[in-house]
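Asker: This is the structure I want to talk about, given as structure tokens.
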Amino acid sequence: MTRTLYYTATSLDGFIATSEHSLDWLVSRDNDPAGPMGYDVFFAQIGALVMGASTYAWVTEQLDGDWPYDQPTWVLTHRDFPTPADGVDVRFRSGNVAELHPEMVAAAASKDLWVVGGGDLAGQFAERGLLDAVQVSVAPVTLGAGAPLLPRQVELRLTGVARNRDFACLSYDVVR
Ligand SMILES: NC(=O)c1ccc[n+]([C@@H]2O[C@H](COP(=O)([O-])OP(=O)(O)OC[C@H]3O[C@@H](n4cnc5c(N)ncnc54)[C@H](OP(=O)(O)O)[C@@H]3O)[C@@H](O)[C@H]2O)c1
């Protein structure tokens, strides 16, 4: 059964990017993608992705046209973005995530749906009862301000704790 998962890295004080959308504080840290709660195991179970406009802009700027995902990807936006490359499955939509969620779940084909970010988008799923779990890797830094991790009240149950090099990794189920 497809689960809807918010998987991200965060500063200790709960920001996933600086106010200028920089991730320099994150990408400079040591992390083993094959290690505890690492990206490799997580990503192997992902069948579809969804992200907001700022996150999409960041991904495309970093990649120089080389889109990294084979899975169907929804980008929620009111803007007109170009598709990242020919033949990639990126679907631009706007509106209520509850109305879009069934087609994302169907596309995931029994694998999981990754809410890449930002935090408000994860909150949109959570407030409609559609978010199943949250997994965060906490970088050893505070930022003081920036893009928030999850700006809602969401009740969670701790399901895992691990260290991955510089990161404290925490996983939670959403309590409904
Ligand atoms: N630390 C990490 O691992 C990590 C992970 C993911 C992202 N990030 C970074 O975190 C930052 C997140 O930025 P952000 O907080 O601005 O969040 P975001 O979700 O990336 O972008 C927010 C924007 O998405 C659009 N949007 C969101 N929901 C929508 C909806 N239901 N319908 C239509 N449009 C919708 C709106 O833009 P428009 O109305 O302008 O289209 C909104 O302003 C980025 O810098 C990203 O690179 C970090």
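Asker: Looking only at the stretch 27-53, count how many residues are buried (at least 17 other Cβ atoms within 10 Å of the Cβ) and closer than 25 Å to Thr77 by Cα.
Answerer: Residues that pass the stated criteria total 8.
Asker: Quick one: Pro72 ticks every box in (1) farther than 29 Å from Leu170 by Cβ; (2) more than 8 Å from the ligand (Cβ to nearest atom); (3) not hydroxyl-bearing (Ser, Thr, Tyr) bar one, so which box is it?
Answerer: Looking at each condition in turn, Pro72 falls short on (1).
Asker: In addition: Any residue at all in the stretch 80-94 that is in contact with a Gly (Cβ under 9 Å, 6 or more places away or on another chain) and closer than 18 Å to Tyr6 by Cα?
Answerer: Taking the stretch 80-94 as the starting set, the residues that turn out to be in contact with a Gly (Cβ under 9 Å, 6 or more places away or on another chain) are 84-85.
Next cut, closer than 18 Å to Tyr6 by Cα only: none.
For the stretch 80-94, residues in contact with a Gly (Cβ under 9 Å, 6 or more places away or on another chain) and closer than 18 Å to Tyr6 by Cα: absent.
Asker: May I pose another question? Confirm whether Ala57 is within 17 Å of the chain's Cα centre (by Cα) and without any contact (Cβ under 8 Å) to a residue 40 or more places away in the chain. Spell out the reasoning first.
Answerer: Details: within 17 Å of the chain's Cα centre (by Cα): yes; without any contact (Cβ under 8 Å) to a residue 40 or more places away in the chain: yes.
Criteria met by Ala57.
Asker: I'm told Val141 meets every condition in (1) aliphatic (A, V, I, L, M); (2) surrounded by fewer than 14 Cβ atoms within 10 Å (Cβ to Cβ); (3) within 12 Å of the ligand (Cβ to nearest atom) except one. Can you identify the failing condition by its number?
Answerer: (2)
Asker: Next question. Among the residues of the stretch 105-126, is any charged (D, E, K, R), within 15 Å of the ligand (Cβ to nearest atom) and more than 15 Å from the chain's Cα centre (by Cα)?
Answerer: Residues of the stretch 105-126 charged (D, E, K, R): 111-112, 120.
Then keep just the ones that are within 15 Å of the ligand (Cβ to nearest atom); that gives 120.
Narrowing the set further to residues that are more than 15 Å from the chain's Cα centre (by Cα) leaves none.
Looking through the stretch 105-126, none of the residues is charged (D, E, K, R), within 15 Å of the ligand (Cβ to nearest atom) and more than 15 Å from the chain's Cα centre (by Cα).
Asker: Let me ask something else about it. List the residue pairs whose Cβ atoms are under 7 Å apart, where the first residue sits in the stretch 75-86 and is without any contact (Cβ under 8 Å) to a residue 40 or more places away in the chain, the second is part of a loop (DSSP other than H, G, I, E, B), and the two are 6 or more positions apart or on different chains.
Answerer: Within 7 Å, the pairs are Val75/Phe81; Thr77/Ser94; His78/Ser94; Pro84/Gly65; Pro84/Trp67; Ala85/Gly65; Ala85/Trp67.
Asker: So, one more: Exactly one of these conditions fails for Ala53: (1) closer than 18 Å to Thr4 by Cα; (2) within 8 Å of the ligand (Cβ to nearest atom); (3) out of contact with any helix residue (DSSP H, G or I) (no Cβ under 6 Å at 6 or more places or on another chain). Give me its number.
Answerer: Ala53 satisfies all of (1) closer than 18 Å to Thr4 by Cα; (2) within 8 Å of the ligand (Cβ to nearest atom); (3) out of contact with any helix residue (DSSP H, G or I) (no Cβ under 6 Å at 6 or more places or on another chain) except (1).
Asker: Next question, about the same structure. Considering only residues that are within 26 Å of Gln124 (Cα to Cα) and outside any strand (DSSP E or B), look in the stretch 151-170 and name the one that is nearest to the chain's Cα centre (by Cα). Talk me through it step by step, then tell me what you get.
Answerer: From the stretch 151-170, those within 26 Å of Gln124 (Cα to Cα) are 151-161, 168-170; that's our starting set.
Right, trim to outside any strand (DSSP E or B) and you get 151-155.
Working: Pro151: 14, Arg152: 16, Gln153: 18, Val154: 16, Glu155: 18 Å.
So, considering only residues that are within 26 Å of Gln124 (Cα to Cα) and outside any strand (DSSP E or B), the one nearest to the chain's Cα centre (by Cα) is Pro151.
Asker: If you don't mind, there's one more thing I want to ask. Failed condition for Pro84, given (1) in contact with a Ser or Thr (Cβ under 8 Å, 6 or more places away or on another chain); (2) more than 22 Å from His21 (Cβ to Cβ); (3) more than 14 Å from the ligand (Cβ to nearest atom), with all others met?
Answerer: That leaves (2) as the condition not met.
No value in this document is a laboratory result; all are computed from the given coordinates. Quick caveat, the model's predicted, so the values are computed rather than measured. As a convention, Cβ positions derive from the backbone with ideal geometry for all residues, glycine included, and neighbour counts pool all protein chains shown.
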